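The values are calculated or read from the model by the stated rules, or taken from the named source; none is laboratory data. It should be emphasised that the depicted structure is a prediction, and the values quoted were computed from it without experimental measurement. All Cβ positions, glycine included, derive from the backbone under ideal geometry; neighbour counts span all protein chains shown. For the accessible areas, the whole protein counts, side chains as well, though only heavy atoms, and no ligand, DNA or RNA atoms are used. Shrake-Rupley method; radii C 1.70, N 1.55, O 1.52, S 1.80 Å.
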Amino acid sequence: MDMTHDAALRCEACHAPLMPDDRFCEECGARAGADPEVTEPGEAGCELCGAPASALDADGYCSVCGMRRRQPGSRVEVDLVLAAAVSDQGRVHRRNEDAFHLELVDDAVVAVVCDGISSSTASNAASRAAADVAGGVLAAAVRDGADLADATAAAAEAAHEAVGQVPATSRADLGSPSCTFVCATCAEDRITVGWIGDSRAYWIAGGDARQLTVDHSWASEQVSAGVLSHDEAAREPRAHAITRWVGSDAPSGPPQIVVERPAEPGRLILCSDGLWNYAPSQELMARLLEALPAESSPVAVARALADTALARGGHDNITVAVVDSPPRRRPQA
Amino acid sequence: MMRFVAETYQNEYLAVGASEVNAVVTVTATGDGGGAAVAPDPAGAAEVVIVDTSGSMSMPPGKMNAAKRATRAAVDCIRDGVGFAVISGATNARSIYPAAVPLAVASDETRLAAKHAIDDLWPGDGTAIGRWLTLADELFSTAPGAIHHAILLTDGQNEGETPEQLDAALARCEGHFQCDCRGVGTDWEVGELRRIASTLLGTVDIVPEPEGLTADFTAMIESAMAKRTSDVALRLWTPQGAEVAFVKQVAPTIEDLTGRGTAVDALTSEYPTGAWGAEARDYHLCIRVPPREVGDEMAAGRFSLVVDGAPAGQALIKAIWTDDEQLSTRISREVAHYSGQTELADAIQEGLEARRAGDEATATFKLGRAVKLAADSGNDGTMTLLRAVVEIDDPVTGTVRLKRQVEDADEMALDTRSTKTMRVNLAGP
């Protein structure tokens, strides 16, 4: 999750803004610039000193400057059969600053996805803390039969506090620890979704994908206010800048909450922008899902989506949680 | 067939902006099995025993006879087929057996003849160690390809030649043979003999009583006969922009190799480690690298031993930058241990130097620090030697008093053996 953009750089394919060190466009995955030095991942030489690929050893260490090629695909998976989540480091970032929490509570599923903000310090610890704490609050609420909208607000509040406790490291140039937040509780006949920032939730049913969340981002606010069209806003350098986040320096306020009562079985997807950057609209997300076999399990869907984001550049950390709804009953023991 | 296995112990995590990478590399050489790399059996061995026959060897009576006994015992330990010679060293050096180059080949017959020649040794004249070493070098040159090992026994200071002459002889001999040095009695100079032993990749020790020489000589020859590979080099690659702060052997003894590197190419240097038998040695390396960004990982160094031109026992030294202070502030147990052992040796040598100079405050402080470090690391051998020089009030805080009466031999033993380290317990938590 990058909060700043350099207005001077744009993707030649889709005109989306680019970071100075972008090798691929976050929006469309196109290769950035016409620089002949930029090659496909896997063929590339040393990123630091420019030594050719032949100078890298089997482990990716450069024999000239010693730098190790960033390792693609460091990945965490959780498969709970009727729900699954995958979090992948991606091809470019040097660590995974996303985190998720996925838990079965009786027949309900609690899912949380958080995306650490890379311009802040200890963002990996922030997202981890937020996801864990919020997941715990929601699971307890399901067990207690509490109101899930109230629980969602309480979970976000607990996440704020937990991230506030994450120690900031010594880098004075970075903001305090912070992350985005999206959670869903899929229980009985309803799905309760809460979010802060631009991690998203989609409802998938009958070949359609519907975005349940509205990004707390500059572009999204301009479109909502009727100031700019979606395309105009997307071309602005600060389109991606988020306006709300979780952390001690965040604007205060409860999470935005929607409650969905699905009329037919379907699937809920939570994801970080590492996925949706490669399918920014719900139509593009639907197209991604259409390409998958109809009977794909949640874990197969989560893997396929993460793989797609990787194949299109893997510019950011990629996290995706998939929950079947209404949850199929677990086989009786 | 020798096998070498190297392992790296370090905290590879560096704080933002940090540039110093510390690592301990342990090397275990075994005769067979286990390891990845292999060295062939050596072409052969060559042994030269150098006995001080200067006039001072006649005092006290019995010293010369003890040296003769020890030399005879050493000759008895030389394996059949090994090239050997015995040098009588005084103002001039003389090969008493064989009478001229080349080296004799060990057999029952030649060993007996050598022992007869040893019986005829007679003390007289001065001490010019450079000449002794130069003659040994000439003798070794007649057995190219063999593992060259010498024993040097002296009882006095090198007064028969200038320090420059000794330096020139050492420069000529360096890399040609290894030399274990022994001082008998207390009239020799620790620093001088240590310099000779270090340059020639050998050990140095005191034998306070002449009676102890036979056991010591026997042990040295047996160790030399067990060496299987000669001229093993420590090769260190560091990345562009990096700087080698130091390379030290830290076990079994401390030897600073930093200044002894020769460049192989722009990024690689080789440091001499001499001959190896089945044994373990540990190295502490410190490399300064240009700081990188959080999350970056780099190879800060590649360690290997070069045996007959082929790399063996390779180890990678890494650096990973992190903003997680819990990771970056941790200190590797092995690095901490050997930093402590190095400080222990320094504290002893500085403390004894201050004591000799009459600076009791510095001596008390340094030797107290040494007591604490020896206690902390369980270095009982060094602690025993320290007890002969200081009264220990509290080993935990390093509170000591200097002893008024200290035997010269005790002080010299502490000085000489200060570089002997306690090996880190790698199996522990």
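Taking region B:259-314, which GluC sites (Glu not before Pro) meet the DSSP loop condition and have no more than 15 other C-beta atoms within 10 Å?
B:293
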Stretched fully, the stretch from residue B:359 through residue B:116 gains (0.36 nm per residue minus C-alpha distance, one decimal, in nm) 82.4 nm
Unit Cα scatterers, Debye sum, region B:80-156: log10 I(q)/I(0) for q = 0.13, 0.15, 0.27 Å⁻¹:
-0.38, -0.51, -1.40
Stokes-Einstein translational diffusion, chain B - Kirkwood Rh over all Cα pairs, 1.567 mPa s, 4 °C, in µm²/s
56 µm²/s
Between residue B:278 and residue B:76, Cβ-based FRET efficiency (R0 22 Å, step 0.05) works out to 0.45
Alpha carbon Rg of the protein assembly as shown, scaled by the compact-globule rule 2.2 N^0.38 Å
1.32
Along the Cα-to-C-beta direction of residue B:405, a point sits 7 Å from the Cα; which residues of region B:208-250 have their amide N less than 20 Å from that point?
B:209
From the phi of every residue in region B:305-310, what ³J(HN,Hα) in whole Hz does the Karplus formula 6.51 cos²θ - 1.76 cosθ + 1.60 yield, where θ is phi - 60° and glycine or proline is x?
9, 10, 10, 6, x, 10
Students often forget the sequence filter, so: which lysines lie under 19 Å Cα-Cα from residue B:115 once same-chain residues fewer than 8 apart are removed?
B:63, B:68
Using only alpha carbon positions, build the gyration tensor of region B:191-317, then give the equivalent ellipsoid semi-axes as the square roots of 5 times its eigenvalues, largest first, whole angstrom.
34, 16, 12
Spin-label pair residue B:186/residue A:249, simplified geometry with 7 Å Cα→Cβ offset, distance in nm
6.9 nm
Label points 7 Å out from Cα along the Cβ direction at residue B:256 and residue B:268: separation in nm?
2.7 nm
Sum up the charges of everything whose Cβ sits under 12 Å from the Cβ of residue B:262, counting Lys and Arg as +1 and Asp and Glu as -1, but leave residue B:262 out.
-1
Run the helix sum for the protein assembly as shown: -39,500 (n - 2.57) per DSSP H stretch of 4+ residues, divided by residue count, reported at 222 nm to the nearest 500 deg cm²/dmol.
-9000 deg cm²/dmol
Identify, among B:22, B:331, B:6, the residue whose Cα sits farthest towards the positive end of the charge dipole of chain B, taking +1 on the Cβ of Lys and Arg and -1 on the Cβ of Asp and Glu, with the dipole about the Cα centre.
B:6
Which value, in Å² rounded to 10, gives the accessible area of residue B:360 with a 1.4 Å probe and all protein chains present?
90 Å²
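How big a patch of accessible area, both sides summed and in Å² to the nearest 100, lies buried between A and B at a 1.4 Å probe?
Counting protein atoms only, the buried area is about 1500 Å².
Hey, any idea what Rg/Rh is for region A:52-192, computing Rh the Kirkwood way over Cα pairs?
Answer for region A:52-192: 1.10.
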Quotient of C-alpha Rg and 2.2 N^0.38 Å, computed over region B:302-429:
1.33
Quick one: P(r) of region B:1-152 from all Cα-Cα pairs, 5 Å bins, percents rounded to integers, in order of increasing distance.
2, 9, 15, 15, 13, 9, 8, 7, 7, 6, 4, 3, 1, 0
Say the cut-off is 29 Å between C-alpha atoms; which of B:248/B:318; B:318/B:366; B:248/B:366; B:227/B:318; B:248/B:372 go over it?
B:318/B:366; B:227/B:318
Quick one: which residues, 5 or more positions from residue B:45 or on another chain, have an amide H under 5 Å from its amide H? H modelled 1.01 Å from N in the peptide plane, none for Pro or chain starts.
B:83, B:147
Work out Dmax and Rg for region B:355-429 from the C-alpha atoms and quote the Rg first, both in angstrom.
12.8, 43
